[in-house]
Every structure is written in structure tokens, then in C-alpha cells.
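Worksheet: one structure, shown below.
The values are calculated or read from the model by the stated rules, or taken from the named source; none is laboratory data. Model, not experiment: these values are computed from the prediction. Note: ideal-geometry Cβ built from the backbone for every residue, glycine included; neighbour counts use all protein chains shown.
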Amino acid sequence: MVSRMNQETRGLELLFNISRLLSSPAPIDTALKLIMDRIAASLGILRGMITILNRASGEIGIAEAWGLDDDQKLKGRYALGEGITGRVIETGNPAAIPRIADDPRFLNRTGARTNPEIRDISFICVPIRGGAEVIGALGIDIPYQGDSLDYPLRILSIVAASISQIVQLHQMDREEMEALKQENSRLLSELKTRYSRPLYAAGNSAIMQNLYRQIEQVSNTGATVLLLGESGVGKEGIANAIHYASPRAAGPFIKINCAAIPEGLIESALFGHEAGAFTGAASRHRGYFEQAHGGSIFLDEIGDLPLAAQATLLRVLQEREFERVGGDETIKVDIRIIAAANSDLQRLMRENKFREDLYYRLSVFPLAIPPLRERKSDIVPLINHFVEKFSSDHRKTIYSVSPSAVSLMTGYSWPGNVRELENCIERAVILSTDGVIHHYHLPPVLQKNREGGAARKTLQEAVEDLERELIAGELRWTRGNISRAAENLGVSRRVLGLRMAKYGLEQGAENRE
């Protein structure tokens, strides 16, 4: 009678302690750990675990355990319906096993129980429900005390009902975290694919093929890279390619335009500041270098970095450490630095505007990206790439680029480099109404600045060029159906035939009427 009263007292005390824990503001993981501690103390368990069902994968894993080490927790995974725990979650029926050695469903998946020990262990497992759905289970090992397990089974069932809400929250957190991991993995895979070959290194020219080989060679290293080239040649695209092809691809990739940060704030932005370091610094701020820890940092327009910040950057390059503005704590970072400049750093050094020692620290592996005018053979592949890209972006179908438009673009010097070409193609795709990019869709600057100083066309020549393009485009649109092309152009079949002969267009097109 005393023993029964003691059991009831301990049971009530356990439920009271658990209700207090559930009403406390403790984090979910902490609350579950404390709940297992209370169960252990009250019921004298050998081991215990709260398992949760992942509804997406159907896998059951241990959320919290008592008496298991970390390796054993990781091993405690079950499929739905597998073993005693999997069966309880699948059916929603509790299980009370007086002696686990006598039950063939016992798996000992965690490996925590020794063979001699299992002869003297009872196992109780009860479902945890979230509404009508079973979301997990609460299981305990206790020393064998005979075949009657009614009391611990009843107490454990009440505990399971009490903690169902917090377990459900834990389940949702786990599933959300798993979904985020999968989404991050997918996005990382997309980024690696997108930047596996930098767009601005595309093309057939020997100089770009050689550059791409160098990018591949340096990506797998941790070497500092200095990208040199005019504005618009694609330095940021190459920096992306280097980061996402490196072992740091899963880490952060922080990009900074040094010219866009006011001089008085550059050191705070790069290296952070402590609260009260200057007027307006109300709290501690982690700078870009701290944010890039474990990944890469891209410093664009490095030539515009003030001399004071250059000195700190030199130390970061040498020691991988710095202090926040207004602080004395040394911050160590594991980062890769990729810098870029469109200014003449050699000239800046002669003018004492850029530190010579910093230049040599940055140029461990310099890469010079040539301007587009020096690799004319790459213009057509880039045109095709941008036509495909912007056709998709703007939901338009572009079948071709007219010969006269190609001629204008290959004859232009492109002072804005690939970025200017990209903008040019996007404009043309938007303006096109017949699935063809014509020369009149291109910006006026291309038609005014032809290389070689070609003579201006007369009005008659310009009209004939336009007529030739329209006819050729319509024939491509109708796949050589002359009658349909004539109808679409508003002329007779005979007139269209004469115009085709005049311009030397294909006369053997099949009339598919």
C-alpha cells in the first residue's frame, strides 16, 4: 500500500513538474531535455527517448534522449512500422514489453543495450499525438519488475498527451529546417551550374579559352585573385565562377563595391565597429569581413579604397585578423579574397594613391580580362546567349538576328564591353515584333559609329535594306511559304517574287498552300 502511494505521489509530482516546464519560456530543445530528466528521476528509467516522425520522408528520428550518447542518438532512426517504436507510431497503439529479449520486434538500433542486459529490461512506448495524427513516440527502458506495467504505462501516456504540443512544434521546426537545407542545397547546385562557366569568359577566342583554363586552375585553391579589366568586361561574373567552383561554395559570398561606400564609413563597413565607436554607433556591427567568415569576399573597384583602409586590408591579407573600429578584440577570419580593379593600379602606385605592398599581396594570381573589342570572334556567341536569355525573361520568341544587325554589332567597338552588349540585346528583344532582331532595333549609337568610317547610306539604300530584311524575316517566319509571306506583307505573290529576285533571296522556297 505504501509502495502504491509512493508511486502515485511520484507520478503526480512528475506531472506537476512537467506542467511547470511547459509553461516556462525555455527553448523547445531545453524543455524536452528537462522533461526527460524529470521522467528519469521519477520512474527510475535506464534509458528514454522522444522520437519524432518526419512527415515528408517518413523517417523517425530521436529528438531528445536520456542515457544515450550522441552516436547512439544518431543511430536511433527507424522507418514507419519498423521495430517497436515504428510500429507504435504507425498504428497509434502503445506497447508494453515486460522483457525485450522475448520480443522479436526489438531491434536495439541504438546499440545502447548489451546482450546480457536485455534479459532484465522492460520497454514501454506510447504514441504522441498532434490532434488525430501520431507525430512521435515516448519510449523508456526500465528494470524488469514483473509482467505488470500498468502504472508506468498510464503515467507515460499522460506525459505524452501533456507534451504533444511542444513535440508538434519541434516536429514543425525540424521539417522546416530540413526543407531549408534542401532548398539551400538546390540553390547552391543552381549557382554552381550557373557559374560553372563564367558568361563573360564565353566565346571561341584563344585569349578567353586560356583565361577560362586559368580560372579553373585557381578556383580549387585558396589563393588571392586580382581581376583586372575595363568596366563591363565581367569581373563580377568571373568572381562568382571562382567562388562557386571552390571548396568554399557552401560558405557566404560577400560582394562590396569599394567606390560606393563613403570614405568615412569604409572601415566600419569592412571591419565592423563597437557600440559608441562614433556618433550614431548605437550597437556593435559585424563588418563584411566577419560576415564572409568561412567563404569568400569580393572587393570590386579596389583602387578606390582609401589609404587608411588599405593598411588594415594589408594586415587582413597577411594575418587574417583585424579589430573592429573602436574595439581592441582581435577578430580572426577564414576567408578568401577576390579583388577587382578597372583603374590603372600601377599609375595609382606611382601617384602614391595605392600601396605597393598591398598590390603585391593582392596580385598572387592576377587575371587580365580583355575588352570585347579585342575578341571580336566572341561577339556572335554572346549575342546568341543574350537572345536566348532575354527571350526567356521577357516571354518572347526570337527566331533570328538579321545579317545587317549582326554586321552592325560585330563592327562596333563596344566601349561598355559585354555589359553594353547585354543591354543592347535586351532592348532589341523587347522592341522586336516579328521574331527577328533587325538593325533598326539596335541603339542609334551603333548605327552612327561604324568602324572603318563607312559612308552613310542614302534613303533609297536604307529603304532597300529594310525591305530585304522584312522579306527575309517573313520567309523564315512562314518557313518558305511564299504565298503566305506575300499575304502577310500585303503584296501579291508575283510582286514578292520580283523583290526576292532583286535581293537575291532564295527562289526555290516551297509553296506550302
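Brief remarks follow.
- Filter result for residue 58 (modelled with pLDDT of 85 or more and small (Gly, Ala, Ser)): no
- Unique residue being out of contact with any Gly (no Cβ under 7 Å at 6 or more places or on another chain) and modelled with pLDDT of 80 or more when the list is 456, 494, 476, 512: 494
- One residue stands out among those in the stretch 92-110 that are modelled with pLDDT under 80 and more than 17 Å from residue 126 (Cβ to Cβ): the one that is surrounded by the most Cβ atoms within 10 Å (Cβ to Cβ), which is 110.
- Test result for residue 54, touching a Pro at 6+ places or on another chain (Cβ under 9 Å) and either touching a residue at least 24 places away in the same chain (Cβ under 8 Å) or surrounded by 14 or more Cβ atoms within 10 Å (Cβ to Cβ) (or both): no
- You will find that of 419, 499, the residue that is assigned to a helix (DSSP H, G or I), out of contact with any Cys (no Cβ under 6 Å at 6 or more places or on another chain), more than 28 Å from residue 386 (Cβ to Cβ) and modelled with pLDDT of 75 or more is 499 and no other.
- Elements of type strands (runs of 3 or more DSSP E) contained in the stretch 86-173, each with 1 or more residues being among the β-branched types (Val, Ile, Thr) and either in contact with a His (Cβ under 6 Å, 6 or more places away or on another chain) or closer than 21 Å to residue 73 by Cα (or both): 121-130, 133-143
- Selected residue [more than 20 Å from the chain's Cα centre (by Cα) and crowded, with 21+ Cβ neighbours inside 10 Å] from 243, 273: 273
- Test: residue 60 is in the same structural domain as residue 29 (by TED's automatic domain parsing), surrounded by 14 or more Cβ atoms within 10 Å (Cβ to Cβ) and more than 14 Å from residue 109 (Cβ to Cβ): no
Per-residue answers, yes or no, for (1) hydroxyl-bearing (Ser, Thr, Tyr); (2) surrounded by fewer than 21 Cβ atoms within 10 Å (Cβ to Cβ); (3) over 30 Å from residue 281 (Cα atoms); (4) touching a strand residue (DSSP E or B) at 6+ places or on another chain (Cβ under 7 Å):
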| residue | (1), (2), (3), (4) |
| --- | --- |
| 327 | no, yes, no, no |
| 350 | no, yes, yes, no |
| 368 | no, yes, yes, yes |
| 384 | no, yes, yes, no |
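- Those residues of the stretch 299-323 which are assigned to a loop (DSSP other than H, G, I, E, B) and either in contact with an Asp or Glu (Cβ under 6 Å, 6 or more places away or on another chain) or of a type in the set (Lys, Arg) (or both), in sequence order: 306, 320
- Evaluation of residue 444 against (1) surrounded by 14 or more Cβ atoms within 10 Å (Cβ to Cβ); (2) under 17 Å from residue 409 (Cβ atoms); (3) modelled with pLDDT of 70 or more (one fails), failing number: (1)
- Residue 372 meets all of the listed conditions (1) without any contact (Cβ under 8 Å) to a residue 60 or more places away in the chain; (2) within 28 Å of residue 214 (Cβ to Cβ) but one, namely (1).
- Enumeration of residues in the stretch 248-298 that are touching a residue at least 60 places away in the same chain (Cβ under 8 Å), of a type outside the set (Gly, Ala, Ser) and in a loop (DSSP other than H, G, I, E, B): 248
- Looking only at the stretch 145-172, and only at residues there that are touching a helix residue (DSSP H, G or I) at 6+ places or on another chain (Cβ under 7 Å) and surrounded by fewer than 16 Cβ atoms within 10 Å (Cβ to Cβ), the one that is modelled with the highest pLDDT: 158
- Taking helices (runs of 4 or more DSSP H) as the structural unit, those lying wholly within the stretch 324-404 and holding at least 1 residues that are aliphatic (A, V, I, L, M) and under 26 Å from the mean Cα position of the chain (by Cα) correspond to 379-393.
- Residues being under 38 Å from the mean Cα position of the chain (by Cα) and more than 22 Å from residue 87 (Cα to Cα) - total across the stretch 37-71: 3
- Matching residues, the stretch 58-109, being more than 20 Å from residue 39 (Cα to Cα) and in contact (Cβ under 8 Å) with a residue 60 or more places away in the chain: 60
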